[in-house]
1. Run down A:PHE75, A:PHE111 and say which single residue is more than 10 Å from every other protein chain (Cβ to nearest Cβ), closer than 23 Å to A:GLY20 by Cβ and in contact with a helix residue (DSSP H, G or I) (Cβ under 7 Å, 6 or more places away or on another chain).
2. Go through the stretch A:99-130 and give me each residue that's under 21 Å from B:TYR129 (Cβ atoms), among the β-branched types (Val, Ile, Thr) and within 12 Å of the chain's Cα centre (by Cα).
3. What's the total number of residues in the stretch A:106-149 that are of a type outside the set (Ser, Thr, Tyr), modelled with pLDDT of 95 or more and under 22 Å from A:PRO89 (Cα atoms)?
4. In the list B:GLU152, B:GLU103, which residue meets the criterion of being surrounded by fewer than 19 Cβ atoms within 10 Å (Cβ to Cβ), under 21 Å from B:PRO22 (Cβ atoms) and at pLDDT 80 or above?
5. Can you name the residue in the stretch B:1-47 that is modelled with pLDDT of 95 or more and assigned to a helix (DSSP H, G or I) and, of all such residues, is farthest from the other protein chains (Cβ to nearest Cβ)?
6. So A:HIS71 fits all but one of (1) over 18 Å from the mean Cα position of the chain (by Cα); (2) buried (at least 19 other Cβ atoms within 10 Å of the Cβ); what number is the exception?
7. Of (1) facing chain A (nearest Cβ under 8 Å); (2) modelled with pLDDT of 95 or more, B:ARG87 satisfies all except one. Which?
8. Out of (1) within 13 Å of the chain's Cα centre (by Cα); (2) charged (D, E, K, R); (3) surrounded by fewer than 17 Cβ atoms within 10 Å (Cβ to Cβ), the odd one out for B:ARG64 is which?
2 protein chains.
Amino acid sequence: MKFIFKPVGFIRTQNREISGTPIQSSYAKDYTGKAEIMLEYKAGLKDLEGFSHIILIYVFDRHRQGDYKLHVKPFMDDKKHGVFATRAPKRPNNIGISIVRVEQIKNNMIFFSGADMLDNTPILDIKPYVPEFDSDAEFRTGWLEGRINLSEKRKADERF
Amino acid sequence: MKFIFKPVGFIRTQNREISGTPIQSSYAKDYTGKAEIMLEYKAGLKDLEGFSHIILIYVFDRHRQGDYKLHVKPFMDDKKHGVFATRAPKRPNNIGISIVRVEQIKNNMIFFSGADMLDNTPILDIKPYVPEFDSDAEFRTGWLEGRINLSEKRKADERF
């Protein structure tokens, strides 16, 4: 069983290399980007401008599919964790998601802040972010607890 | 350009048909499900039990790829919106995401509540939900504003 997906557009950012790219959109508030949707899908953007945030689903295409380990040292820790307990880019299916703030939508282009992806990243899907659907009251964040505010860990290094 | 993904597991739920299935995990708190990860990926679950919530990325596989419209009437409105401004299951790439609450992890199985997907849905990826990464301070939710608490719209009808 396999599924074939084609990009609906590409993300343009100033992040040309993995090293130095913010590791999360919440650490990239000053990094702006542009999601350029192919013209054939442009009509699908109708009414998206009413939402302050969107979920971008994209491919970590600088990593070859199949190039992953089940135990990884993520950017934010020096201990190994199961890949599904991390947001590491090398995964069994190299899919990434980021919740970003919409600044403006113009024609087929969504200008946003929170650009933690590499330039020319292929977009698979765009969904409106709805806190009532996508959030809950209380959370536990396992091994990440207490590491989230370590500012020196907010940009990618050489490990992926 | 195309990307090929293979399932890493399947979601087991009591939702056998589209009609009557909760349309969002936040409307499915009493619906439990089980994400069964293939044994070859089981090691990737290490340390996931520390997180109260996970992001499930899956395929709306009951809809044929290519069977979508760019303007759709979503469950929660009778007006048409761009497909990217909705969470409708028929999309250019039929990928779904749900944030669900982990109840227990046992061997290769994640028991969770918030099961808004159909039985035997193929899983593409699992990520830990981290509110500091996946949330922000203030939101606008466009056409959905004021419709979110309309309880009669919480289950799927015949429209997809």
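The values are calculated or read from the model by the stated rules, or taken from the named source; none is laboratory data. Not measured: the values here are computed from a predicted model. Here the Cβ positions follow ideal geometry from the backbone for every residue, glycine too, while neighbour counts run over all protein chains shown.
1. Numbers: A:PHE111 fails: in contact with a helix residue (DSSP H, G or I) (Cβ under 7 Å, 6 or more places away or on another chain).
Just one listed residue meets the conditions, A:PHE75.
2. A:ILE99, A:VAL100, A:ILE126 - these are the residues of the stretch A:99-130 that are under 21 Å from B:TYR129 (Cβ atoms), among the β-branched types (Val, Ile, Thr) and within 12 Å of the chain's Cα centre (by Cα).
3. 9
4. Details: B:GLU152 fails: at pLDDT 80 or above.
Matching residue, one of B:GLU152, B:GLU103: B:GLU103.
5. Filtering first and then ranking leaves B:LEU39.
6. Unmet condition: (2).
7. Of everything listed in (1) facing chain A (nearest Cβ under 8 Å); (2) modelled with pLDDT of 95 or more, B:ARG87 misses just condition (2).
8. The number of the failed condition is (1).
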